[in-house]
Amino acid sequence: MKVILLEDVENLGKKWDVKEVADGYARNFLIPQILVKPASSAEIEQAEKMRAETEAKAQKELAGVEKTASQLDGYELKIPMQVGEDGQLYAAVNPQKISSVLGAEGFKVSQKQIKIAEPIKELGEFPVMIEFDHGLEVEIRVIVEAENG
């Protein structure tokens, strides 16, 4: 039976692919879970259009991610923090703080994309990895400094 995939299906294909599968597999598993629909010639044409639109959207998204990644590669981000008498930070610098400071500087980076082993709890420079979609990674330098200079 020819079917059109409505979602990515492991070991079968990607969304909008047209595949030939066993009748029982389609009727008993794929169709009830709304993973596929039977393919007619009109639906195959529609699936091709949808796949082209999806690929164009992915290319546009990739271009935006590449632009942001190239701007951030090697970027130095200064984060002023309140410091106590003994030089200890009052609050740790975590992915949420880094994301909000990057947002204030015009970069759209979610805290889930920022990879640090543990929150930063002291003054100094620290390398921080940012993992974007499409497998792109960049390293920025986070400089934690006293708020009063």
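The values are calculated or read from the model by the stated rules, or taken from the named source; none is laboratory data. Owing to the predicted nature of the structure, the values given are computational and were not obtained by experimental measurement. FYI the Cβ positions are ideal-geometry reconstructions off the backbone, even for glycines, and counts take in every protein chain you see.
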> Quick one: which of GLY74, GLY64, GLY87, GLY24 is in a helix (DSSP H, G or I), small (Gly, Ala, Ser) and within 30 Å of ILE120 (Cα to Cα)?
Replying inline: GLY64
>> If ILE44 meets every condition in (1) assigned by TED's automatic domain parsing to the domain that holds PHE107; (2) touching a residue at least 40 places away in the same chain (Cβ under 8 Å); (3) more than 30 Å from GLY106 (Cβ to Cβ) apart from one, which number is that one?
In response: (1)
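So, GLU118, is that one loosely packed, with under 11 Cβ neighbours inside 10 Å, modelled with pLDDT of 90 or more and under 23 Å from the mean Cα position of the chain (by Cα) or not?
yes
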> Which residue, of GLU53, GLU76, GLU45, is acidic (Asp, Glu), loosely packed, with under 11 Cβ neighbours inside 10 Å and over 30 Å from VAL101 (Cβ atoms)?
Replying inline: GLU45
> Could you say which residue among PRO127, PRO95 is over 30 Å from GLU55 (Cβ atoms) and either surrounded by fewer than 16 Cβ atoms within 10 Å (Cβ to Cβ) or more than 24 Å from the chain's Cα centre (by Cα) (or both)?
Replying inline: PRO127
> Which residues, counting only those in segment 98-124, are under 19 Å from PRO80 (Cα atoms), in contact with a strand residue (DSSP E or B) (Cβ under 7 Å, 6 or more places away or on another chain) and free of Cβ contacts under 8 Å to residues at least 40 places away in the same chain?
Replying inline: SER99, VAL101, LEU102, ILE114, ILE116, PRO119, ILE120, LYS121, GLU122, GLY124
>> Checking GLN82 against (1) under 28 Å from VAL138 (Cα atoms); (2) surrounded by 13 or more Cβ atoms within 10 Å (Cβ to Cβ): exactly one of these is not met. Which one?
In response: (2)
>> Looking at segment 27-51 only, could you name the residues that are part of a loop (DSSP other than H, G, I, E, B), among the β-branched types (Val, Ile, Thr) and touching a Leu at 6+ places or on another chain (Cβ under 7 Å)?
In response: ILE34
> Of (1) out of contact with any strand residue (DSSP E or B) (no Cβ under 7 Å at 6 or more places or on another chain); (2) exposed (fewer than 12 other Cβ atoms within 10 Å of the Cβ), GLU147 satisfies all except one. Which?
Replying inline: (1)
